[in-house]
Amino acid sequence: MSDANDNDKPTSSGRKPLTLKRNVAAGTVKQSFSRGRSKFVVVEKKRKRVLGKAATETTETAATPDVEIKSDAATRAKALGLSEAEFLAREAAVEKAKAEAASREERARIEADERARREQEEKDQLVAERKKREEEERLTIETAERAAAEAAAQADVQAARPRVDRTPVAETPPSPDADVGKFGGRIKKKRVEQKPTSRNRSEPKRRQGKLTIANILDGDEGQRQRSLASMRRAREREKERRLTGDTGERDKVMREVIIPEFITVQELANRMTERARDVVKFLMQEGDMRRPDDVLDADTAELIVEEFGHKVRRVAESDVEEGFLGQDDAEDTLMPRSPVVTIMGHVDHGKTSLLDALRSTDVAGGEAGGITQHIGAYQVQLKSGDKITFLDTPGHAAFSSMRLRGAQATDIVVLVVAADDSVMPQTIEAINHAKAAEAPIIVAVNKMDKEGANATKVLNDLLQYEILTESVGGDVQAIEVSALKKTGLDDLVEAITLQAELLELKANPGRDADGVVVESQIAKGRGPVATLLVKRGTLKRGDIVVAGTAWGKVRALNDERGQQLKTAGPSLPVEILGLNGAPEPGEPFAVVKTEARAREITQYRERQSRQSDASTGPSAVASLEQMMASLQEKDISEVILVVKADVQGSAEAIKQAVEKLGNEEVRARVIHSAAGGITESDILLARSSNSPVIGFNVRASKQARELAEKESVEIRYYAIIYDLLDDIKAVLEGMLAPELRETFLGKAEALEIFNISKLGKIAGGRVLEGVVRRGSRVRLLRDDVVIHEGELSTLRRFKDEVKEVNAGQECGMGFLNYHDLQKGDQIECFDVTEIERKL
């Protein structure tokens, strides 16, 4: 029996044995189905028949690639363990599946495009239909409105035209049915009232149904009619238009719109008398989304105003200050006025005492420490009846700003120089202030009654500051006086009067008052009190005064003696009550017409003040990088203070003097300074900023004291500015890091290095000069380079621990926490002493 026959026989298991015989002919594909079914399919490849020479060429050219494809297919089939026919069949099936998938994707894409196209067409058709419907409705409404207007006009014309019935009236013969009276007359029968017959259901009602387009266009008798009241109103409007000649079209009113630097959309619309939503709509069309309460800049507002057809007038925010002090007066309205004289000079040169002698009062006795700490304003009446207004300024260095204000408000400066002290720093400063104010100077050489007084030396010292007195050919008057003995006062008054006559001082008393604020304070029970010097006009009770950021109506006028005044003319210093705050000394004041004008000016000044504080304060750090850079800079220690004084000028002077103290390491900063007593709010501010409260000639209320004890806030009271500045200076000096000063002790050289288990490395060496002391500071040098600086912890001579070793002796030296020692190292020994620093 052959092998072929054996292979064809089934085995006992019912399965055929494995064989190498090819069961499937070439060109067939086996398809497998479910439940173990299979099917062989013959695969045919159709080739395009080419006739002629081209077929021969194609066959020849394609022979080689076919051979290569067949060999490649055979190689790949062999690698996969398949026959060539099976491999080709599988490749064909894969290609067919890919083609079918690509065909399905293409069909799906075409269907999606077709579906999208149909949807877009439907949308376009809906939009077109809606537009067409809206256009038809608009045309219908316009037609209906036009028809209604024509009907109303015709009805008005017919109603206005009188109707006269010209048909002759014929006598109607009495009807045979009529009742005839005794004398042939007709008897009038009673009129029988007929009940209204019920309307037929088929008959249309007058006001049936809604008003629709179909009803308007419907011409039957059932259309909706206008009411009699509506017709009557229309006729009245038409008659009014005819009488006034109005055509019904109103011309747009062109307005002049004032535009400040910043304005809200709502305010701009109000100024144009336009609706805010119209302005918002215009901005939206320009691509700018805004709300009515949004702020616009001047350029944008100008564009909007021009677009709406109005005229533009640009104004700046600072224009509110225009006309505050008024214009110069005409020459024919001016009248002579009293001179304003400022007493200036160095501290303790006798300025106030000289003024006391002129006033025959004792003001200096009431000043703390005998020095003036406020600007005092007084008016003195001479024996001749003339009046002179004196301003007494402080002479201490801290009150430089007060002296500057005094020089600016004055006509004549009396420079007081002590004969025994001559020219001093504040004397020079007073000279500079007087020159800057272009005020004439009269030199008063005071204290001529003291021993050692030398007036010639004083006048010679003034020469180097360009003060040329009459004795040396100049035009400056020099008067020798003694405030204590009251000598030379008449000569001084005569010199002031002469100088005033040369100046020809005049003012207009008939205008609104203006001038300068001399001093201000918060008085208990009276509120803000301001001392004003009137320069022009007359100040009256009830006037509305603006001074700096404060304003109010004058409730009371007092002179320097406390007497009530009704009016205050030029060159008269007065105290006024009624302001809403204490103005800054040196601020100009003026009377305004209305409270609205006063509020407008003060609000503008408050905004400017806040912007100035924000730009100069610590919150002015513009970015995070700048803030980090400022933190990385050298730290500056600060003393923070809260200052309250009796008057605003003193508070300002203390703030300026305190902030001048310090250097690049320490400084003092006043976070709040004001006039008035110490209140609970001051204590709370001091607690939050961890600062003391400085009271200058003021006291704390009971509630403020209790709160200060509870919150552990220190309150310090001062009456003399010397003591205050000395204490602040001492605090700042205590915050300064001490200065370290080295004292050289000796020098040694390491001859040998020993390694000791418990101590580490020890340098055995010889002291070359000076002395080496245990516990002192040492510096280790190697090749003249400092490699370590520390403390000498161990010093031994032989085996004994010693305190110091003198020059020429040998010793063992150990350093604290340092063991990198080498033979030949140089060791310097020195002491460091701390020295307190001064400002």
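Tabulated data for the structure shown
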| item | result |
| --- | --- |
| Residue selected from region 423-467 under the condition surrounded by 20 or more Cβ atoms within 10 Å (Cβ to Cβ) and farther than 24 Å from Glu494 by Cβ, by the criterion farthest from the chain's Cα centre (by Cα) | Val423 |
| Subset tally (residues that are of a type in the set (D, E, K, R), open to solvent by less than 90 Å² (accessible area, probe 1.4 Å) and at pLDDT below 80) for region 37-94 | 3 |
| Tally, over region 542-551, of residues that are closer than 14 Å to Asp514 by Cα and not hydrophobic (A, V, I, L, M, F, W, C) | 2 |
| Looking only at region 468-484, and only at residues there that are out of contact with any strand residue (DSSP E or B) (no Cβ under 8 Å at 6 or more places or on another chain) and surrounded by 13 or more Cβ atoms within 10 Å (Cβ to Cβ), the one that is modelled with the lowest pLDDT | Val472 |
| Any chance Ala513 is in contact with a Leu (Cβ under 8 Å, 6 or more places away or on another chain) and of a type in the set (Gly, Ala, Ser) | yes |
| Within region 293-303, tally of residues that are in contact with a strand residue (DSSP E or B) (Cβ under 8 Å, 6 or more places away or on another chain) and either loosely packed, with under 12 Cβ neighbours inside 10 Å or under 23 Å from Glu256 (Cβ atoms) (or both) | 7 |
| Test: residue in region 339-349 that is more than 30 Å from Met424 (Cβ to Cβ) and open to solvent by 70 Å² or more (accessible area, probe 1.4 Å) | no |
| Unmet requirement for Thr342, which otherwise passes all of (1) without any contact (Cβ under 8 Å) to a residue 60 or more places away in the chain; (2) among the polar types (S, T, N, Q); (3) touching a helix residue (DSSP H, G or I) at 6+ places or on another chain (Cβ under 7 Å) | (1) |
| Candidate set: region 555-577, residues that are in contact (Cβ under 8 Å) with a residue 40 or more places away in the chain and not aliphatic (A, V, I, L, M); chosen: the one surrounded by the fewest Cβ atoms within 10 Å (Cβ to Cβ) | Asp559 |
| Which numbered condition Gly326 fails, given (1) closer than 30 Å to Ala547 by Cβ; (2) open to solvent by 60 Å² or more (accessible area, probe 1.4 Å); (3) not polar (S, T, N, Q) | (2) |
| Residue in region 582-592 that is surrounded by the fewest Cβ atoms within 10 Å (Cβ to Cβ), counting only those that are out of contact with any Gly (no Cβ under 6 Å at 6 or more places or on another chain) and at pLDDT below 90 | Pro588 |
| From Ala397, Ala407, Ala455, Ala434, residue being within 24 Å of Val516 (Cβ to Cβ) and modelled with pLDDT of 80 or more | Ala434 |
| Residue check, Thr531 closer than 20 Å to Ala651 by Cβ and either at pLDDT below 90 or of a type in the set (S, T, N, Q) (or both) | yes |
| Only one of Arg290, Arg271, Arg235 that is in a helix (DSSP H, G or I), surrounded by 15 or more Cβ atoms within 10 Å (Cβ to Cβ) and touching a helix residue (DSSP H, G or I) at 6+ places or on another chain (Cβ under 7 Å) | Arg235 |
| Residues within region 304-323 that are part of a helix (DSSP H, G or I) and open to solvent by 60 Å² or more (accessible area, probe 1.4 Å), tallied | 2 |
| Unique match (being over 31 Å from the mean Cα position of the chain (by Cα), of a type in the set (Ser, Thr, Tyr) and open to solvent by less than 60 Å² (accessible area, probe 1.4 Å)) among Tyr722, Tyr718 | Tyr718 |
| Residue match in region 505-512 (condition: in a loop (DSSP other than H, G, I, E, B), polar (S, T, N, Q) and surrounded by fewer than 21 Cβ atoms within 10 Å (Cβ to Cβ)) | yes |
| For Arg526: the one exception among (1) open to solvent by less than 70 Å² (accessible area, probe 1.4 Å); (2) touching a strand residue (DSSP E or B) at 6+ places or on another chain (Cβ under 8 Å); (3) on the phi < 0 side of the Ramachandran plot | (1) |
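The rows are residues; the columns are (1) surrounded by 15 or more Cβ atoms within 10 Å (Cβ to Cβ); (2) in contact (Cβ under 8 Å) with a residue 12 or more places away in the chain.
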| residue | (1), (2) |
| --- | --- |
| Pro738 | no, yes |
| Ile756 | no, no |
| Gly764 | yes, yes |
| Asp800 | no, no |
| Cys811 | yes, yes |
| Gly814 | yes, yes |
| Phe830 | yes, yes |
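The values are calculated or read from the model by the stated rules, or taken from the named source; none is laboratory data. Fair warning: this is a prediction, and the values are worked out from it, not measured in the lab. We place every Cβ from the backbone using ideal geometry, glycine too, and count neighbours over all the protein chains shown. Surface accessibility is based on the protein's heavy atoms, side chains included, excluding ligands, DNA and RNA. Shrake-Rupley method; radii C 1.70, N 1.55, O 1.52, S 1.80 Å.
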